[in-house]
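Chemist: Structure provided below as structure tokens; questions to follow.
The values are calculated or read from the model by the stated rules, or taken from the named source; none is laboratory data. This structure is a prediction, so every number in the text was calculated from the model and none was measured. Cβ placement follows ideal geometry from the backbone for every residue including glycine, while neighbour counts extend to all protein chains displayed. SASA here: full protein model, heavy atoms, side chains in, ligands and nucleic acids out. Shrake-Rupley method; radii C 1.70, N 1.55, O 1.52, S 1.80 Å.
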Amino acid sequence: MFIGRERETKTLEKLYRSDVFEFVVIYGRRRVGKTTLISEFIKDKKAVFYPGIDSNEKQNLEILSASILSVFTGTEVGSVFRDFHEALELIYRMSKEERLILVIDEYPYLANCYGGISSLLASFIDHKFLESKLMLILCGSSLSFMENQVLGYQSPLYGRRTAQMKIRPFTFAECSRYYRHFDRQELALAYGVTGGIPLYMSKLDDRKSMEDNIRDNFFDTSAYLFEEPGNLIKQECREPMQYNAVIKAIATGSSKISEISGASGLNDTGATSNYISKLMSLGIIEKEFPYKTEHSRKTIYKLSDSMFQFWYRFVPANLSLIGQGAGDRVYQRVEKQIPAYMGFVFEEICKQYLWQENLKGNLPVEFTDMGRWWGNDPVEKRQTEIDILADNEEGEAIFGECKWRNELTSEAELKELQHQSTLFHYKKNVLILFSKSGFTDGCRELADKRGDVLLIRFEDMEWEK
């Protein structure tokens, strides 16, 4: 089922209809659906789809030759172009009068084995493709490579693209459109354990309970998702054991570089930093600062992929039982920890909801940016955290707290959020409490009395279809 990506598809169709040379760069982490998006777009169009492989120049040229000749002859042909220049020359000739799409998927693989490809493409663009009707699409999963070696200033291709798209995981709203039979809380958990990654989403069956889905997909050695994190790390990293240790350290609570270094057993912050940089390039880890702050001493690292967060938090600790086929027992052990795991997932859902309502003009403060804040509370003389802080240039702000618990959110929690808001000097504050289970009478009474508070139950959030 192809869902979502309406904006990306609309943009691609618009560029295609221009009937002049277009150069589109599409990138995003693995499994996020880049190839599916491109395949859906080109399915009714004349297109050469060339998947770069992690091999040598000769084998990549053979695959490109086969991709080109099969389109122009309609059959698989054994001929191979003498070089990439000759292959691109044919592409140019065939696109001079007729709209043609050339897709180079996993472009970093090709560029790594043939270092001159970017310069060659740049030369063709400047001297030939600009006069053609070619639509060139370069696609890649290495975020750092695509951002620096394709989009970056130092790239020979710099300034030649006509559009770029960073493909992100599905939002909670898009995830909700994919599953038809889960209830609202099951949808949240499904979103959490898949991270909105389309391939991972496809492994869940919404005709089953989430208990069955988690047990069958994570606590069974034959399941795809049981093997997925390890396989992806082995595919992308030369020292998978060290990378796995870093990911597990973050998944189980370490966030500062020194903590990650110690918990992973590396005990070398320099080496740890290198591993983290690689994982950031793969879209698995991201760095975070307190909102409105970019101080290196306050930098923390977190997993940007909540499926990896779930896997590394719960699977390694239970490998022996999983190996013995005791998936039911593992789930019983894990079940009581799921609400805590869902805390940061719920924060992300609430942020997405606020952006939706902000763009619709439904909030008392229209904000321009949003983030999470943590730091020192000089009044209470302790460290404190604010789940959501959103503001604008007019000095107005929203302070939000997200509670994924089975009990009602209390008056004390509203008072704490009110106190946190006094640590800042905005001329207008709006407080928002999000709750999975609802609110106590005391909390509601205090909110009514203040008049600057919104209480939002998860079940009451309405999402655009």
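For (1) closer than 19 Å to ILE26 by Cβ; (2) touching a helix residue (DSSP H, G or I) at 6+ places or on another chain (Cβ under 7 Å); (3) part of a helix (DSSP H, G or I), each residue gets a yes or a no:
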residue	(1), (2), (3)
LEU110	yes, yes, yes
GLY115	no, no, no
SER118	yes, yes, yes
TYR153	no, no, no
GLN185	no, no, yes
TYR191	no, yes, yes
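Chemist: OK, next. Without any contact (Cβ under 8 Å) to a residue 24 or more places away in the chain, open to solvent by 10 Å² or more (accessible area, probe 1.4 Å) and either of a type in the set (Phe, Trp, Tyr) or assigned to a loop (DSSP other than H, G, I, E, B) (or both): is that true of GLU407 in this structure?
Modeler: Values: without any contact (Cβ under 8 Å) to a residue 24 or more places away in the chain: no; open to solvent by 10 Å² or more (accessible area, probe 1.4 Å): yes; either of a type in the set (Phe, Trp, Tyr) or assigned to a loop (DSSP other than H, G, I, E, B) (or both): yes.
It is false that GLU407 is without any contact (Cβ under 8 Å) to a residue 24 or more places away in the chain, open to solvent by 10 Å² or more (accessible area, probe 1.4 Å) and either of a type in the set (Phe, Trp, Tyr) or assigned to a loop (DSSP other than H, G, I, E, B) (or both).
Chemist: Here's another thing I want to ask about it. Within the stretch 270-298, how many residues turn out to be in a loop (DSSP other than H, G, I, E, B), open to solvent by 10 Å² or more (accessible area, probe 1.4 Å) and at pLDDT 90 or above? Explain how you work it out, then say what you get.
Modeler: First, the residues of the stretch 270-298 that are in a loop (DSSP other than H, G, I, E, B): 282-284, 289-295.
Now restrict to residues that are open to solvent by 10 Å² or more (accessible area, probe 1.4 Å): 282-283, 289, 291-295.
Filter once more, keeping what is at pLDDT 90 or above: 289, 291.
Result for the stretch 270-298: 2.
Chemist: Looking at the stretch 1-58 only, could you name the residues that are among the polar types (S, T, N, Q), in a loop (DSSP other than H, G, I, E, B) and free of Cβ contacts under 8 Å to residues at least 24 places away in the same chain?
Modeler: Passing the criteria: only SER18.
Chemist: Next question, about the same structure. Of GLU401, GLU464, which residue is among the charged types (D, E, K, R), part of a loop (DSSP other than H, G, I, E, B) and under 31 Å from the mean Cα position of the chain (by Cα)? Show your work before the answer.
Modeler: Details: GLU401 fails: part of a loop (DSSP other than H, G, I, E, B).
Just one listed residue meets the conditions, GLU464.
Chemist: So, one more: Could you tell me whether any residue of the stretch 379-390 is under 25 Å from the mean Cα position of the chain (by Cα), open to solvent by 50 Å² or more (accessible area, probe 1.4 Å) and at pLDDT 95 or above?
Modeler: So the first thing to find is which residues in the stretch 379-390 are under 25 Å from the mean Cα position of the chain (by Cα), and the list is 385-390.
So of that shortlist, the ones also open to solvent by 50 Å² or more (accessible area, probe 1.4 Å) come out as 385.
Retained after the next criterion (residues that are at pLDDT 95 or above): 385.
For the stretch 379-390, residues under 25 Å from the mean Cα position of the chain (by Cα), open to solvent by 50 Å² or more (accessible area, probe 1.4 Å) and at pLDDT 95 or above: present.
Chemist: Tally time: how many residues in the stretch 157-177 are over 21 Å from LEU279 (Cα atoms) and either open to solvent by less than 50 Å² (accessible area, probe 1.4 Å) or in contact with a Gly (Cβ under 8 Å, 6 or more places away or on another chain) (or both)?
Modeler: If we filter the stretch 157-177 for residues that are over 21 Å from LEU279 (Cα atoms), which is where we start, we get 157-164, 171-177.
Next, only the ones that are either open to solvent by less than 50 Å² (accessible area, probe 1.4 Å) or in contact with a Gly (Cβ under 8 Å, 6 or more places away or on another chain) (or both) stay: 157-158, 163, 171-177.
Count: 10.
Chemist: Out of all the residues in the stretch 443-465, which are more than 20 Å from GLU357 (Cα to Cα) and either without any contact (Cβ under 8 Å) to a residue 24 or more places away in the chain or loosely packed, with under 14 Cβ neighbours inside 10 Å (or both)?
Modeler: ARG444, GLU445, ASP448, LYS449, ARG450
Chemist: For a quick check of your reading of the model, give me the residue pairs whose first member lies in the stretch 302-320 and is open to solvent by 30 Å² or more (accessible area, probe 1.4 Å), whose second is assigned to a helix (DSSP H, G or I) and hydroxyl-bearing (Ser, Thr, Tyr), with beta-carbon atoms closer than 7 Å and at least 6 apart or on different chains.
Modeler: Within 7 Å, the pairs are ARG313/TYR341.
Chemist: Same structure again: Looking at (1) at pLDDT 95 or above; (2) surrounded by fewer than 21 Cβ atoms within 10 Å (Cβ to Cβ), which is the one condition that is false for LEU69?
Modeler: Exception for LEU69: condition (1).
Chemist: When you check PHE226 against the structure, is it at pLDDT 95 or above, open to solvent by 20 Å² or more (accessible area, probe 1.4 Å) and within 19 Å of ASP305 (Cβ to Cβ), yes or no? Please lay out each step first, then the result.
Modeler: Working: at pLDDT 95 or above: yes; open to solvent by 20 Å² or more (accessible area, probe 1.4 Å): yes; within 19 Å of ASP305 (Cβ to Cβ): yes.
In short, yes.
Chemist: I need the full set of residues from the stretch 321-353 which are without any contact (Cβ under 8 Å) to a residue 12 or more places away in the chain and closer than 24 Å to LEU199 by Cα, in order please.
Modeler: Scanning the stretch 321-353 gives no hits.
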